[in-house]
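Just below is one structure, and these are the notes that go with it.
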Amino acid sequence: MAKLAAALTILALVACVARPCQAGYGYPNPMPSPSPPPYAPTTQSPPPPATPSTAPYAPNTPSPPPPAPITPSSPPPPSPITPSSPPPPYTPSTPSPPPPTPRSPAPGLAVGYYQKTCYRAEEIVRETVRDASKGIMAGLIRMFFHDCFVRGCDASVLLETADPNSATEKFGIPNLSLRGFEVINAAKDKIEEECGTVVSCADILAFAGRDATYFLSNKKVFFDMPAGRYDGRVSLINETLPNLPPPFATVAQLKANFASKGLNTDDMVTLSGAHTIGISHCSSFSDRLTSNSSDMDPSLKSKLEEECKSSSGNDNTVIQDIKTPDKLDNQYYKNVLRHEVLFASDATLLTATDTSDAVSAFAKNAKQWEDKFMAAMVKMGAIEIKTSANGEIRRDCRVLN
C-alpha cells in the first residue's frame, strides 16, 4: 500500500511538471464536480469523556445530554484516534461545492476532555508546537483547515495509507504543500509514551492549530479548544479538490463552499485572515501577474515578478503578508483594501458589499477580528465530528489501526 501511495504521489507531481499547472499548484480548471459521501450521523454515543473542568462546548445550541459515567466494565475502545497560481482567467463554470453537511451540536466535544485520562495532553502539544518554526506554525493552522474541510475534523489528512484502491488526502493537489506533519507525529509519540492510546490525532491537530495561533499572535490570541474527536477511517485523494476552495475562487464560490461546511460568510472572511502568515507558491497567483485586468498593486506586482522568476522552472515561494509576514494579526485586511494580496480569492472579498464591509471593519478593529477568529476556529473544529461508531483512536497518526 505504501508503494501505491508513493506511486500516486509521483504521478500527481509529474502531471504538474509535464504540462502548465493551471489554477495554481496543479489545480484543474474547471474544478471537478464534488462527490464526497454525505455525512451520516449515528445514534451511538461516543465513549464518555473524562469529566472536564469546564462545561461542554456548545456554540449557540442547547447543551447536549450529560455523558454516562465511565465504569471499569466499559472502558473506552482501544487505540482509536477519536474525536495557496491560479489558472488562466477563471471561468465561473466551476461546479458548486458539495451540499451542506448536516451538522449537530457536536455533543461529544468538551473543554478539558482529557483532564483525567491524559491531563498533560494539551501541554505536550503546546510544548511541541512552541519548538517549531513560525513557518511550520503557519502550516499547522492551514493543515487544521484542510483537515476539517474534507470529511470533517478527523485527522484524515494525516493518513498516508487507508484504502488499497486509492491514495489518501495527503497526496491531493491542494495538500502537496502542507507542512507540519512532523509536529503532529512528535506530539502523538510523546502522548502515547505518557498516556497510551487515549488522545486522538484529530484532537492533537486541533490543539496544534490553536497553539500555533497563540504563538504567532505573540500570545494575544488564546482560546479553549473543545476535544473528544475520534479519528476517521476513510481518506481519499479525489475528495480534496471538490472540498477545498482554490486560490482563484470567486466570492460567491467561497460563500457556497463555507456554507457547505456549516460556516457563514462572516466565518469565511474571518478565517481568510489566516493568510496574514505563511508562504505561497507563485503558481497560485501567477495569472494575476500577467493579466491586464488584475487589480494588484503595481509595486507589489513588480516585486513578485522578480521573486517568482526561475531559470530552472522551479515554482518559487513568497511570503503572503508583505507587512507582517510572521505575525498573526489584522494586517491581512489592510492589505486587501490596498490591493496588496496574492490570491484572486483574497481580492474577491472586495467585490461583494457584505464581505467588503467585514474586511473594512476588521482592518480598523484588531480586537474584533481576534475575537471572531477564535470563535470561528472553534466552530470549524466542530465540523462532522467522528464518534466511536465511525472512528477510532489511532496509535500512529499516519496509518489506521
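Overview of results
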| quantity | calculated |
| --- | --- |
| Note, ³J(HN,Hα) from phi for segment 394-401, Karplus 6.51, -1.76, 1.60, rounded to Hz, x at Gly and Pro | 5, 6, 10, 4, 8, 9, 6, 5 |
| Amide H contacts under 5 Å for GLY391, placed H, 5+ residues apart | none |
| Partners for LYS364 among lysines (Cα-Cα distance below 22 Å; same-chain residues under 8 apart left out) | LYS219, LYS220, LYS323, LYS327, LYS334, LYS372 |
| SER311-LYS134 FRET efficiency (beta carbon distance; Förster radius 30 Å; 0.05 resolution) | 0.55 |
| Most to least packed among 389-395, 186-192, 319-325 [average Cβ atoms within 10 Å] | 389-395, 186-192, 319-325 |
| Accessible area per residue in Å² at 1.4 Å probe, computed on segment 241-303 | 32 |
| Convex hull volume per residue for segment 331-384, taking Cα atoms only, in Å³ | 95 |
| Kirkwood-type radius of segment 284-401, with distances r between different C-alpha atoms, in Å | 17.3 |
| Accessible surface of segment 307-346, 1.4 Å probe, proportion on carbon and sulfur as whole % | 42 |
| Percent accessible area from carbon and sulfur atoms, segment 157-251, protein chains only, probe 1.4 Å | 48 |
| Amide hydrogen neighbours beyond the local backbone of ALA227, cut-off 5 Å, H modeled | ALA110, VAL111, GLY112, TYR113 |
| HN-Hα J in Hz across segment 325-332 - Karplus 6.51, -1.76, 1.60, θ = phi - 60°, x for Gly and Pro | x, 10, 10, 7, 8, 8, 4, 3 |
| Pairwise label distance in nanometres, LYS364 with ASP295, each label 7 Å out on the Cα-Cβ vector | 1.9 |
| LYS261 long-range amide H proximity, modeled H, under 5 Å | THR101 |
| Listed peptides 329-337, 350-358 by packing density, highest first (mean Cβ within 10 Å) | 329-337, 350-358 |
| List VAL399, VAL318, ordered by accessible area with a 1.4 Å probe, largest first | VAL399, VAL318 |
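The values are calculated or read from the model by the stated rules, or taken from the named source; none is laboratory data. Fair warning: this is a prediction, and the values are worked out from it, not measured in the lab. Every residue, glycine as well, gets a Cβ built from its backbone with ideal geometry; the counts of neighbours run over all protein chains shown. With ligands, DNA and RNA removed, areas are computed over all heavy atoms of the protein, side chains included. Shrake-Rupley method; radii C 1.70, N 1.55, O 1.52, S 1.80 Å.
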